[in-house]
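Heads up, the thing below is written out as structure tokens.
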Amino acid sequence: MYNSEISGEKMKLEINNNIKDTYPVYIEKGSINEIKKYISFSHKNLLLTDDLVPTEYVQKILAATDNVCVCTCLSGEVSKSFATYQSILQVLFDNEFDKDDLLIALGGGVIGDLGGFVASTYKRGMRFINVPTTSLAMVDSSIGGKNGINFLDIKNSIGSFYNPEMVIIDVDVLKTLPQRHLVNGLIEAIKCGLIGDKGLFNLFKKLNGGDYDSLKPHLEEIIIRSLNVKKKVVEADLYDTNERRVLNFGHTYGHAIEALNINDILHGEAVALGMLYVLNDDLKEELIEILFKLGFKVDFTLLENEKIHNKIIHDKKIKNGKINLVKVDNVGKAYIEEVDIEKIK
């Protein structure tokens, strides 16, 4: 669990992926300014990013090496498509990249998912390093090895399990993230608290704002505690067949709400609504209080949209007409309940 003695210093987590050697997650303020401390740029490098990643962070990578190609995607889920995937592969082939060359994903969860999927499939696997720049990617998608793209409006319906060589997290880059996106990612941290760390959930109850200045003293602790929850679960179940399913808390409904794309709802916002579906009344009230303090502004009437069920019936987790729902009745203790898909309606 979180150790306050390491706050403000270089922090390293080791993720045991059960396939080959462990990979490190470095958490250090200012690490993107000293990227050469972490990455050897001796091979060809592809920098994958999107058009909302601040130019200053892209320039930090470019300044570290002359041997780099840059692929800049459109921001958002629209880039997790076959078209974008193919365009990145074309760049790799045109520039004669091989398996020993490196793909660096600099951006949020979409870039990490897309970059990991490209790396896992290009010549059956090339080197891959993840440098997340959003709170969502830092606390959630940067570890665990899940990669993918969307198909037929179904999120992550085509993908792979493929781990990065390392993950480099610079908490300072969150200062350039709009408040809505900062809070969006922290909702995944709230989820981690609910399923596996009561102290983390209680930390959120003590916060008094969702802007960067209010959250800054707590961001490092939130990220580390969240990663420790996910690390424990992922290491116990690499391929998402048993224990790891608790990480889907709020996601069954959340992915369905997100797929409706009403008012450009963000992933974390949809997950927040998804958690409200399955929490008991007491925890529901506590979660709503936290969300309002963070400045959560999503319309709760989205919970009443009848189209949600039609999206859920296409969920990849459905087997024999049933789906496993993750529930939490007591903070820090998640469990899985098998529910008939008709009951979901």
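The values are calculated or read from the model by the stated rules, or taken from the named source; none is laboratory data. Bear in mind that the values here come from a model prediction, so they are computed numbers and not experimental data. All Cβ positions, even for glycine, are placed from backbone atoms using ideal geometry, and neighbour counts span all protein chains on display.
Worth pointing out:
- Checking each residue of region 162-183 against the condition of being farther than 21 Å from ASP240 by Cβ, assigned by TED's automatic domain parsing to the domain that holds ARG245, crowded, with 24+ Cβ neighbours inside 10 Å and within 14 Å of the chain's Cα centre (by Cα) gives at least one match.
- Restricting attention to region 135-149 and to residues that are within 24 Å of THR121 (Cα to Cα) and not small (Gly, Ala, Ser), the residue that is surrounded by the most Cβ atoms within 10 Å (Cβ to Cβ) turns out to be MET138.
- Selection count, region 303-319, where residues are at pLDDT 80 or above and either assigned to a loop (DSSP other than H, G, I, E, B) or more than 22 Å from VAL246 (Cβ to Cβ) (or both): 1
- Hey, ASP21 modelled with pLDDT of 95 or more, over 30 Å from LYS216 (Cα atoms) and assigned by TED's automatic domain parsing to the domain that holds VAL131 or not: no
- Scanning region 270-286 for residues that are surrounded by 23 or more Cβ atoms within 10 Å (Cβ to Cβ) and within 13 Å of ILE190 (Cβ to Cβ) yields VAL271, ALA272, LEU273, GLY274, MET275.
- Residues being modelled with pLDDT of 95 or more and assigned to a loop (DSSP other than H, G, I, E, B) - total across region 212-249: 1
- The one condition in (1) surrounded by fewer than 12 Cβ atoms within 10 Å (Cβ to Cβ); (2) on the phi < 0 side of the Ramachandran plot that HIS309 fails to fulfil: (1)
- Of all residues in region 217-271 being on the phi > 0 side of the Ramachandran plot and touching a residue at least 12 places away in the same chain (Cβ under 8 Å), the one that is farthest from the chain's Cα centre (by Cα): ASN263
- Matching residues in region 76-88 - criterion: being within 27 Å of SER31 (Cβ to Cβ) and either assigned to a strand (DSSP E or B) or not hydroxyl-bearing (Ser, Thr, Tyr) (or both): GLY76, LYS80, ILE88
- Members of region 89-134 that are crowded, with 24+ Cβ neighbours inside 10 Å, free of Cβ contacts under 8 Å to residues at least 60 places away in the same chain, in a helix (DSSP H, G or I) and not hydrophobic (A, V, I, L, M, F, W, C): GLY112, ASP113, GLY116
- Single match in SER120, SER141, SER135 (criterion: modelled with pLDDT under 95 and outside the structural domain of LYS317 (by TED's automatic domain parsing)): SER141
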